[in-house]
Structure formats: structure tokens, C-alpha cells
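Report on the structure given below.
Derivation of every value follows stated rules applied to the coordinates shown; laboratory data play no part. Please read these numbers as outputs of a predicted model, since none were measured by experiment. In this analysis, Cβ positions are derived from the backbone assuming ideal geometry, glycine residues included, and neighbour counts consider all displayed protein chains.
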Amino acid sequence: MSAPIRLGLRANAGQFALLALDNVFVGMLIGSERTVVPLLGAQSFGVSSMVVLLTFVVAFGVVKGPLNLVGGHLADRIGRRRILLLGWCLGLPVPWLLLWAPSWSWIVVANLLLGANQGFAWSMTVTSKIDLVGGKQRGLALGINEFSGYLGVAVASAATGMMAASYGLRPAPFVFAGVVAIAGLLIALSIRETRPFARLEQQQDDQAVLRAPSRLGSVFADVTWKNATLRACCQAGALNKFSDTAVWVLVPLAMAAQGFRVATIGAVAGTYALVWGVAQLGTGALSDRIGRKKPIVAGLLLNAAGLGFAATAHTLVAWILAGITMGAGTALLYPVLLAAVSDVTPPLRRGASLGVYRLWRDGGYAIGGIVIGVFASHFNSKASFFALAAALSISAALAVWWMRETHPLATQLVGVSQ
């Protein structure tokens with residue numbers, strides 16, 4: 001007979017560790033291109049238009065956002081593991097498309113597949129970890145998940161930057177990415193389905209059925225606009241992705257224009273992701289103690305400050321300071337936003353609700369890519385960074401206005417408009 005199902009991190013340490021390890025490789029796959037691809041477009045394909053250059057980020061966001069929603073909905077119906085494996089299958093071709101791309105259009109197609117990989121695979125590591133631990137350690141679980149993913153982003157960003165400096169923009173960084181994709185799929189094959197844990201948590205919550213919207217449309221409306229707290233989370237997540245898009249594209253190009261070498265640019269990108277990743281080990285658990293709202297607002301304000309530092313940076317120390325500040329800000333809010341959404345979501349609707357939130361959050365890549373591209377085409381990078389800092393400050397004000405504290409769970413009921 002199989003062992004009885006128990007909620008909690010310690011009781012499910014083995015599967016939790018596998019999910020965390022797999023998310024390291026999910027992060028490494030996207031990290032493999034964060035330093036190299038913007039420079040590849042500018043230097044190898046001669047893309048001079050900022051709008052055209054940002055099409056690879058827009059393509060990523062256009063796919064990742066909606067597939068977060070689709071993946072979350074399907075995960076509630078057919079299981080988390082199947083969606084995780086599908087995500088890795090879609091990610092396998094990405095490194096080879098980047099490696100052999102004869103034109104910029106191939107890079108855009110590769111990022112469509114990368115968006116699908118991230119939308120399915122990363123989403124399922126999030127949902128599965130929440131399933132395993134239950135409500136009491138939700139912030140800690142999400143902090144560990146996001147730490148593992150962004151540790152992967154940091155390692156791969158720095159590693160591919162060094163490879164590109166030594167061996168060129170191609171092929172070494174993308175061969176590395178190919179190995180990452182294969183390893184991630186192999187690890188995913190060892191991960192078990194976690195829906196039974198969500199069913200157990202639902203059974204333990206007498207009010208869960210009363211709080212569960214019955215259809216995807218109801219969940220979408222509740223998360224997007226009806227519930228003010230969830231609306232605050234969606235806008236905060238989306239604006240945070242504007243900031244991340246700036247680090248992904250504007251920072252490498254601005255540093256290259258100042259004469260910094262690709263390895264140095266990769267080190268700054270890696271520092272940003274490393275601070276983001278490591279700090280989440282503490283910020284997620286901190287939100288289990290002090291609540292969700294304060295870290296979210298503080299994180300948005302730190303992001304705004306980091307973008308302001310980037311606007312005036314001319315030395316390596318200044319760029320590193322900007323990366324550290326933005327990394328710390330994102331670490332404060334990133335896992336906590338996920339925890340806040342999960343706090344007010346019935347377990348058996350968790351996948352769909354997180355999918356809606358992640359639709360809007362990662363839609364920030366697509367919207368941000370377009371907005372930043374158009375703005376940067378008419379103004380310099382300094383003005384672009386300052387405009388983004390202002391947007392993040394407004395996002396913080398909206399979070400203060402709309403959001404109520406969601407921890408403990410009893411303080412919020414899903415489906416109740418604020």
C-alpha cells in the first residue's frame with residue numbers, strides 16, 4: 001500500500017527537492033540567452049531598431065502569459081506533471097534554433113517556444129510546491145522555488161557571458177543551453193503528480209467549496225478586477241516585468257554602448273539574478289511572519305530606485321549597485337505576490353487562479369517590450385530608465401491603495417470583491 005498523503009515541507013522533502021532542482025534548470029534555460037541574445041541581435045544580425053530588437057522579448061511574453069493561464073487550467077484538470085513534461089518538450093528545440101539561426105526571425109520563433117517552456121514548466125513547479133506544503137509554509141515554499149529558478153538564471157547568465165567572451169556569441173552558449181534542456185527533462189521524469197495533495201488540503205478547509213468560483217471565466221474575472229487585492233497583485237506583477245525587461249535588454253545595450261565587455265555585462269546580469277534568487281529564501285519566509293503587503297510595496301519601491309540608479313550609471317560599481325537594488329526589490333515581491341494569490345484561492349482552483357495572475361504578470365514582458373521599445377526609439381536609455389522608475393512608483397501606490405493583507409488565509413475570501 002502507498003504511504004498516506006501528508007501536507008508539509010518535511011513530509012515531502014524528496015519530491016520538493018526534485019521540483020526545486022528542476023526549476024534550477026528551468027531558470028538556466030532562460031538565463032542562457034539573457035546576456036547573449038540582445039548582443040547577438042545588435043552585433044551579428046545588425047538589428048539597429050530598438051523596436052525590432054525587443055520583438056524577441058515580446059514574443060516570449062505573448063506566449064508565456066496566456067500559456068500560464070492555459071497551463072494552470074489544464075493542471076487542475078489533467079495534472080501538474082503532464083504539463084511540466086509538456087513544457088520541457090517544448091523547450092528542447094530552443095537552444096538549437098538559437099545556435100543555427102540564420103536570421104533574427106529564427107530568434108523570435110525560438111523565444112515563442114521558450115515562452116511556452118517557461119509558461120508550462122515554471123508554473124508547474126510553483127503549483128506543485130504549494131500543493132505539497134499546504135498553507136502554513138506557503139511563503140517559504142515559494143521563496144525556495146523562486147530562489148532555485150533565479151539561481152539558475154544567475155548561473156547561466158554569468159556562464160554564457162564568460163563563454164561568449166572567450167569563444168564568441170555562438171556556438172558555446174547555446175550548446176550549454178542544449179545540455180540544460182535535456183537535463184531538465186530527465187529530472188522532470190522523476191517528479192510525481194501533486195493533485196492529490198491539493199484534494200487533501202481542500203478537504204481540510206470546510207469553507208473552500210463555498211469560496212471556489214465554478215468556471216474559468218469566474219476565476220479570470222475575480223483575479224483580474226473584481227477582487228481589489230488580486231487586482232493589485234496583477235498590476236504589481238506586470239509592472240515588475242517592465243523592470244525585468246529593462247534588465248534583460250536595456251542594461252546590456254547601455255553597458256555595451258559605454259564600452260563594457262560582454263563578460264562584464266554578463267556579470268552584472270548574473271548579479272541581479274543572483275541577488276533576486278538568493279534573497280527569496282528569506283523574503284518568502286518573512287512574509288509568513290509579517291504578512292504579504294509590506295514586502296510587495298517595498299519591493300516595488302526598491303525596483304524604482306534601482307532603475308533610477310541605472311539611469312545615471314557610468315561605472316561598473318554603479319551598474320552593480322543598480323543590479324543589486326533591483327534584484328533585492330524583485331526578491332521582496334516576487335514570491336510574496338504568488339503567496340498572496342494562493343492565500344485567497346481554494347486549493348482545487350489554485351492552478352487556474354495562479355494561471356490568471358501569471359497571465360497578467362508575464363504579459364508585462366509583451367506590453368513592456370512594446371512600450372520600452374517605442375520609448376527607447378525616441379529617447380535615450382537614461383530617459384527610459386527614469387520613465388520606468390516612475391511607473392514602478394505608481395504601481396507601489398496602487399498596491400497600497402487596493403491591497404488588503406492576505407495572511408493569514410482567513411482574512412481574505414476569494415470571490416468577494418473588495
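Using the crude model of +1 on Lys and Arg Cβ and -1 on Asp and Glu Cβ, and no other charge, please compute the dipole size for the chain relative to its Cα centre, in debye to 20.
Once rounded to the nearest 20, the dipole reads 540 debye.
Roughly how many Å is it from the Cα centre of the range 293-333 to that of the range 68-105, as a whole number?
30
Between Val278 and Val175, what length in nm is gained on full extension when 0.36 nm per residue of separation is reduced by their alpha carbon distance? Write down the numbers at each step before the final one.
On the way: separation 103, 0.36 × 103 = 37.08 nm, distance 2.64 nm.
Here the segment from Val278 to Val175 would lengthen by 34.4 nm.
Find how much the distance from Ala390 to His378 grows on full extension, using 0.36 nm per residue of separation minus their present alpha carbon separation; answer in nm with one decimal.
2.6 nm
Please list, in order along the range 219-230, the HN-Hα scalar couplings obtained from phi with the Karplus expression 6.51 cos²θ - 1.76 cosθ + 1.60 (θ = phi - 60°), rounded to whole Hz, x for Gly and Pro.
Per residue, the Karplus-derived 3J(HN,Hα) values read 5, 4, 5, 5, 6, 7, 9, 5, 8, 5, 5, 5 Hz.
Percent of Cα-Cα pairs more than 28 Å apart in the chain, please.
So the portion of pairs separated by more than 28 Å is 41 percent.
Helix 316-343 against the longest principal axis of the chain: what's the angle in degrees, Cα atoms only, rounded to the nearest 10?
The angle comes out near 20 degrees.
Report the label-to-label distance for Ile290 and Ser49 in nanometres (one decimal), using points 7 Å from each Cα along the Cα→Cβ vector.
Here the answer is 4.6 nm between the modelled labels.
Choose one of Phe60, Ala13, Ala390: the residue whose Cα lies farthest towards the positive end of the charge dipole of the range 10-411 (beta-carbon charges +1 Lys, Arg; -1 Asp, Glu; about the Cα centre).
Checking the options against the dipole of the range 10-411, the answer is Ala13.
I need the phi-derived Karplus couplings for the range 351-368: 6.51 cos²θ - 1.76 cosθ + 1.60, θ = phi - 60°, integer Hz, Gly and Pro marked x.
Karplus values, whole Hz, x for Gly and Pro: x, 5, 5, 5, x, 5, 4, 5, 4, 6, 4, 7, x, x, 5, 5, 5, x.
At 0.36 nm per residue, minus the direct Cα-Cα distance, what do Trp225 and Ala17 gain on full extension? Give it in nm, one decimal, please. Let's see the in-between values first.
On the way: separation 208, 0.36 × 208 = 74.88 nm, distance 3.53 nm.
Taking 0.36 nm per residue and subtracting the Cα distance, the gain is 71.4 nm.
At 222 nm, what value in deg cm²/dmol follows for the chain if DSSP H runs of at least 4 each add -39500 (n - 2.57) and the sum is divided by all its residues, to the nearest 500?
Helix contribution divided over all residues of the chain: -25000 deg cm²/dmol.
In the range 212-285, which trypsin sites (Lys or Arg not before Pro) are in a loop and have at most 12 other Cβ atoms within 10 Å, using DSSP for the loop call?
When the trypsin sites (Lys or Arg not before Pro) of the range 212-285 are filtered for loop state and at most 12 Cβ neighbours within 10 Å, Arg215 remain.
With a point put 7 Å past each Cα toward its Cβ, work out how far Gln203 is from Glu405 in nm, to one decimal.
Inter-label distance under the simple model: 3.3 nm.
Total Lys pairs in the chain closer than 19 Å by alpha-carbon, pairs eight or more apart in sequence or interchain only?
Lysine pairs meeting the criterion: 6.
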